[in-house]
There are 2 protein chains.
Amino acid sequence: MCELLAMSANTPTDLCFSFTGLTRRGGETGPHKDGWGVTFYEGKGVRSFHDPDPSASSRIAEVVQTHPIKSEVAICHIRQANVGDICLANTHPFIRELWGQYWVFAHNGQLSDFQAEPGFYEPVGTTDSEALFCDMLNHLRQHCHRGDPAETLVEHLVELANNYARQGVFNLLLSNGERLFTYCTTKMASITRRAPFGPARLKDTDVTVDFESETTPDDIVSVIVTEPLTTDEKWDIYQPGEWRLWRKGEVVLSGGR
Amino acid sequence: MCELLAMSANTPTDLCFSFTGLTRRGGETGPHKDGWGVTFYEGKGVRSFHDPDPSASSRIAEVVQTHPIKSEVAICHIRQANVGDICLANTHPFIRELWGQYWVFAHNGQLSDFQAEPGFYEPVGTTDSEALFCDMLNHLRQHCHRGDPAETLVEHLVELANNYARQGVFNLLLSNGERLFTYCTTKMASITRRAPFGPARLKDTDVTVDFESETTPDDIVSVIVTEPLTTDEKWDIYQPGEWRLWRKGEVVLSGGR
């Protein structure tokens with residue numbers, strides 16, 4: 001299994017604090033040592049870092065922890081391999097272009113018997129996750145249209161996700177840079193930080209941050225993870241089958257089975 | 001205009017020396033300060049670094065200079081913007097998946113009136129370069145097939161490139177991870193290093209390397225650039241209209257107008 005982290009914010013915000021907590025679990029406080037990756041949207045562009053080495057000891061992860069990259073949407077994944085070798089091609093997040101937007105995907109879980117229908121998008125690596133991502137995009141390209149309202153896209157995504165969830169564990173992060181779709185079958189939690197901001201302490205390493213000193217009163221920043229990252233904040237736990245669509249730090253649509 | 005750098009090698013090799021020379025030109029010894037990017041193939045996977053900041057002062061570029069990432073094919077670009085704003089979405093190399101392979105593209109030049117036919121692949125940013133890349137992949141997808149021999153693919157690529165070259169400046173690097181296609185309209189040069197290896201000195205900064213100590217006798221490593229990077233080696237200058245297909249450090253097909 002793996003761990004997931006995403007951010008949705010109404011102003012470009014760095015992920016240093018949360019990323020520092022998560023990456024400890026990649027070979028130090030957790031067993032997810034089979035690679036890691038993170039993608040930051042900046043406008044319509046993305047910048048990604050992928051590494052098949054353990055995040056807890058990665059020189060590149062250290063740079064991402066300490067070099068503030070400001071983003072309104074970011075998606076991060078640390079891997080404990082089950083399906084697919086440990087190699088760069090199997091390292092999440094996966095990225096494809098659809099309708100002139102980069103779509104970014106990370107998955108926790110396993111659908112080991114999943115067989116994708118042939119389609120335009122094809123996996124490069126050998127994970128079930130990348131095959132699922134290609135299947136989702138092939139479905140969207142076939143059944144939806146550029147400029148469809150969020151409600152329409154989400155209806156299709158929820159139907160796909162419910163179907164995958166019947167075949168295995170499918171905790172999902174998916175974004176096109178404007179919105180972030182999250183779906184839980186077994187574990188996901190979120191926190192929304194807004195004024196008045198307070199301090200927070202990471203669970204996985206001795207780091208505390210005072211968000212008050214790093215924010216303005218209008219900032220709204222949400223973090224979505226498979227396991228809560230801090231010990232002194234109240235995280236909102238997803239129910240199995242629950243999904244939430246995030247935009248600019250807030251839930252704009254949600255539902256469940 | 002911009003500058004390009006690529007590597008083709010028969011064994012995973014790092015790009016630190018050449019990358020250090022090139023990135024000096026991004027705001028220090030050259031005016032190409034409007035972002036930079038590099039993509040390394042590792043097997044079928046890729047890892048990319050993209051930054052809209054000047055490469056000469058980029059913290060992330062510093063990591064890539066000093067952290068050896070071993071690859072058989074790498075493509076790098078430093079940008080001096082002409083068409084398209086300075087932003088991440090306009091930062092080369094551009095990447096798309098075709099036939100289950102990542103295709104990576106970087107371009108030097110300008111075809112400011114270029115209008116791509118609508119197709120499956122669409123640009124995310126606003127550069128003529130990304131529109132050209134999408135046009136090439138749309139053509140390949142429509143007219144070629146998975147598993148076509150290199151000769152067939154190259155025939156199509158050369159025809160496309162000759163056509164673009166009639167409309168402006170089109171110096172090109174394009175790879176699918178197996179092969180590297182290079183095309184010159186105005187400036188490109190290559191060097192192939194093999195045993196007996198010797199020392200080399202960068203033109204843009206006071207760095208010397210002794211390749212003898214970093215290689216084995218079987219290594220073949222070629223570097224392709226828009227402007228030679230070293231002062232004490234003999235670079236092989238491309239003619240206008242000349243193209244070369246590289247594989248494992250050697251030219252396997254070539255031609256010209």
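The values are calculated or read from the model by the stated rules, or taken from the named source; none is laboratory data. Treat the numbers as computed from the prediction; the structure is a model and nothing was measured. Don't worry about glycine lacking a Cβ; one is built from the backbone with ideal geometry, like all the others, and counts go over all protein chains shown.
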When residues of the stretch A:2-17 are filtered for being touching a Gly at 6+ places or on another chain (Cβ under 7 Å) and among the aliphatic types (A, V, I, L, M), how many remain?
-> 1
Within the stretch A:52-64, of all residues that are within 17 Å of the chain's Cα centre (by Cα) and within 24 Å of A:Glu214 (Cα to Cα), the one farthest from the other protein chains (Cβ to nearest Cβ) is A:Ala61
Quickly run through the stretch A:225-257 and pick out the residues that are outside any loop (DSSP other than H, G, I, E, B), surrounded by fewer than 17 Cβ atoms within 10 Å (Cβ to Cβ) and of a type in the set (S, T, N, Q).
-> A:Ser254
Candidates A:Phe170, A:Phe133, filtered to the one that is under 30 Å from A:Glu28 (Cα atoms), part of a strand (DSSP E or B) and in contact with a Phe, Trp or Tyr (Cβ under 7 Å, 6 or more places away or on another chain) | A:Phe170
Residue pairs qualifying under the 8 Å Cβ cut-off, at least six apart or on distinct chains, with the first in the stretch A:208-219 being surrounded by 15 or more Cβ atoms within 10 Å (Cβ to Cβ) and the second being modelled with pLDDT of 90 or more and among the small types (Gly, Ala, Ser), are A:Val209/A:Ala200; A:Phe211/A:Ala200; A:Thr215/A:Ala195; A:Asp219/A:Ala9; A:Asp219/A:Ala195; A:Asp219/A:Gly249
Determine the pairs where a residue that is under 11 Å from A:Cys184 (Cβ atoms), located within the stretch A:235-257, has a partner that is among the hydrophobic types (A, V, I, L, M, F, W, C) and at pLDDT 95 or above with Cβ atoms under 6 Å apart, the partner being 6 or more residues away or on another chain.
-> A:Ile237/A:Ala189; A:Tyr238/A:Cys184; A:Tyr238/A:Met188; A:Glu242/A:Cys184; A:Trp243/A:Val158; A:Arg244/A:Val251
Which one of the conditions (1) over 30 Å from B:Thr231 (Cα atoms); (2) touching a helix residue (DSSP H, G or I) at 6+ places or on another chain (Cβ under 6 Å); (3) of a type outside the set (Lys, Arg) does B:Ala150 fail to meet, given that it meets all the rest?
-> (2)
Does the stretch B:141-167 hold any residues that are within 15 Å of B:Gln239 (Cα to Cα) and either small (Gly, Ala, Ser) or assigned to a strand (DSSP E or B) (or both), and which are they?
-> B:Ala161, B:Ala165
Within the stretch B:93-118, the residues that are in a loop (DSSP other than H, G, I, E, B) and modelled with pLDDT under 95 are B:Leu111, B:Ser112, B:Asp113, B:Phe114, B:Gln115, B:Ala116, B:Glu117, B:Pro118
Restricting attention to the stretch B:211-251, report how many residues are modelled with pLDDT of 95 or more and of a type in the set (Asp, Glu).
-> 5
Across (1) at pLDDT below 95; (2) over 21 Å from A:Phe40 (Cβ atoms); (3) among the hydrophobic types (A, V, I, L, M, F, W, C), A:Ala189 clears everything bar (1)
Within 14 Å of chain A (Cβ to nearest Cβ) and within 23 Å of B:Thr231 (Cα to Cα): does that describe B:Ala74?
-> yes
Counted residues in the stretch B:14-51 being more than 14 Å from chain A (Cβ to nearest Cβ), surrounded by fewer than 24 Cβ atoms within 10 Å (Cβ to Cβ) and part of a strand (DSSP E or B) come to 1
Just a yes or no: is a residue in the stretch B:187-194 surrounded by fewer than 13 Cβ atoms within 10 Å (Cβ to Cβ) and not hydrophobic (A, V, I, L, M, F, W, C)?
-> no
